[in-house]
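Some notes on the structure that comes next.
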Amino acid sequence: MKICIYGAGAVGGLVAGRLAQAGHEVSVVARGAQLTAIREKGLRIAFEGKEFSVKIKAESDPSRLGPQDYVIVAVKGQSLPEVAAGIAPLLGADTSIVTAMNGVPWWFFDCIKFGAGGKQRLESLDPGGGLSRAMPTQRIVGCVVHFAASTPEPGLISHNMGKKLILGQPGGANTTRVKRIANALTLAGFEIAVTGSIEKEFWVKLLGNVSFNPVSALTVTTADKLIESREIKTYMVEIMREVLAIGRAVGVDADIDPEARIDMARALGRFKTSMHQDLEAGKPLEIDGLLAGTLEIARKAGVRAPFTESLFGLIRARAQSTGQYR
């Protein structure tokens, strides 16, 4: 298949490299040093103790790549307006868009009862509806990422742990859009699960994202140390309880105990969250996709979330002090 990965960072780069190695026609939309390195040396992947390099087409301008079978969007939430502005040349009549991202997706309300058939919009994530117009829900395949990767240097992607991806279309009516990309990713070496409730799977992931990511950035601490601290762990459990209540209020029950969700993180051992990594690298922090969207849902559903609100205020102030949040 012809597949473009929009965003060649840690997640997108690993997916691009593995799909290319499996024989698909893969391209990436990248920028800066990452774009230069891929063009000069290929995309290098360190995976399961081995390093390999693939030559793939890399462009900063999507119009040079043409229509695709699939576009896998693997950027941070703050980069989505740029994707919306540039994605049109990649979309043919039947192109599917796979959203492999953390946080609440902009299409979250479109196929759940609380969203009233898409009449509710998350203004904090999609102001004015620009994302929805550029990437309509009927093209979407949701993808929840359960692996860790990093970019030690431009052009090099290091796979750290996990290989699981959960796929599903909004609302659960999975079609060949899901089946074809699920097969391709399976053959590329990922562990694939297809779900009839991708919204639930996003919410399970969100419990950890909303708590671990901002707290780790505030404390500049690895996840294992957060869990070991009784006070910090108690704080994160309270945040998870609020996020669980928010989801249930709109009909999306993650159906997991906070302690079990913490066990999922504990099993990964000593690792830096993506927000911790971005803080140290001086990059913008993915605050709105994780916290602003969650709290907007809370307000719409009439759910109080004081612990989550305080965390939003703290991490926003921290990021603003170093110019990492606009």
Worksheet, complete the sentence: Along region 292-307, Karplus-curve 3J(HN,Hα) (6.51, -1.76, 1.60; θ = phi - 60°) to the nearest Hz, with x for Gly and Pro, reads 4, x, 4, 6, 5, 4, 4, 5, 5, 8, x, 9, 7, 9, x, 5
Worksheet item: For region 142-260, what ratio Rg/Rh do Cα atoms give with a Kirkwood hydrodynamic radius?
Response: 1.02
Practice prompt. Mind putting a number on the dipole of region 39-175 about its Cα centre? Charges go on the C-beta only, +1 for Lys and Arg and -1 for Asp and Glu, and I need it in Debye to the nearest 20.
Written response: 160
Worksheet entry | Cα centroid separation, region 193-251 to region 254-326 (Å) | 8
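With 14 Å as the cut-off, how large is the P(r) tail for region 242-326, expressed as percent of Cα-Cα pairs?
70
Could you work out what % of the accessible surface of region 1-66 is carbon and sulfur, using a 1.4 angstrom probe and leaving DNA, RNA and ligands out of the count?
Solvent-exposed carbon and sulfur of region 1-66 make up 46 percent of the total.
Using only alpha carbon positions, build the gyration tensor of region 2-69, then give the equivalent ellipsoid semi-axes as the square roots of 5 times its eigenvalues, largest first, whole angstrom. Kindly include the intermediate steps, with their values, before the conclusion.
Details: eigenvalues 66, 38, 18 Å².
Calculated on Cα positions only, the semi-axes equal 18, 14, 9 Å.
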Discussion item. Charges on Cβ only, +1 for Lys and Arg, -1 for Asp and Glu, centred on the Cα centroid of region 184-237; of Ser197, Leu226, Thr186, which one is farthest towards the dipole's positive end?
Written reply: Leu226
Practice prompt. Report the local net charge at Ser211: Lys and Arg +1, Asp and Glu -1, summed over other residues whose C-beta lies under 12 Å from its C-beta.
Written response: +2
Worksheet item: Where does the chain land on Rg/Rh, using Cα atoms and the Kirkwood Rh?
Response: 0.94
Worksheet, complete the sentence: In whole Hz, the Karplus estimates of ³J(HN,Hα) for region 176-192 (6.51, -1.76, 1.60; θ = phi - 60°; x where Gly or Pro) are 5, 4, 7, 4, 5, 6, 4, 5, 4, 6, 4, 5, 7, x, 8, 8, 10
Worksheet item: Which of the pairs Lys225/Lys272; Lys76/Lys272; Lys2/Lys57; Lys113/Lys163; Lys50/Lys164 have their Cα atoms more than 21 Å apart in this structure?
Response: Lys113/Lys163
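Using only helices, what value at 222 nm comes out for the chain when you add -39,500 (n - 2.57) per DSSP H run of length 4 or more and divide by the total residues, to the nearest 500 deg cm²/dmol?
Theoretical 222 nm ellipticity from helices: -12500 deg cm²/dmol.
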Worksheet item: How many times 2.2 N^0.38 Å is the alpha carbon radius of gyration of region 190-294?
Response: 1.07
Worksheet item: What per residue convex hull volume, in Å³, comes out for region 42-103 when only alpha-carbon positions are used?
Response: 119
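The values are calculated or read from the model by the stated rules, or taken from the named source; none is laboratory data. Keep in mind the model is a prediction, meaning the values are calculated, not measured. Cβ: placed from backbone, ideal geometry, glycine included. Neighbour counts: every protein chain shown. Just so you know, the surface numbers come from the protein's heavy atoms only, side chains and all, with ligands and any DNA or RNA stripped out. Shrake-Rupley method; radii C 1.70, N 1.55, O 1.52, S 1.80 Å.
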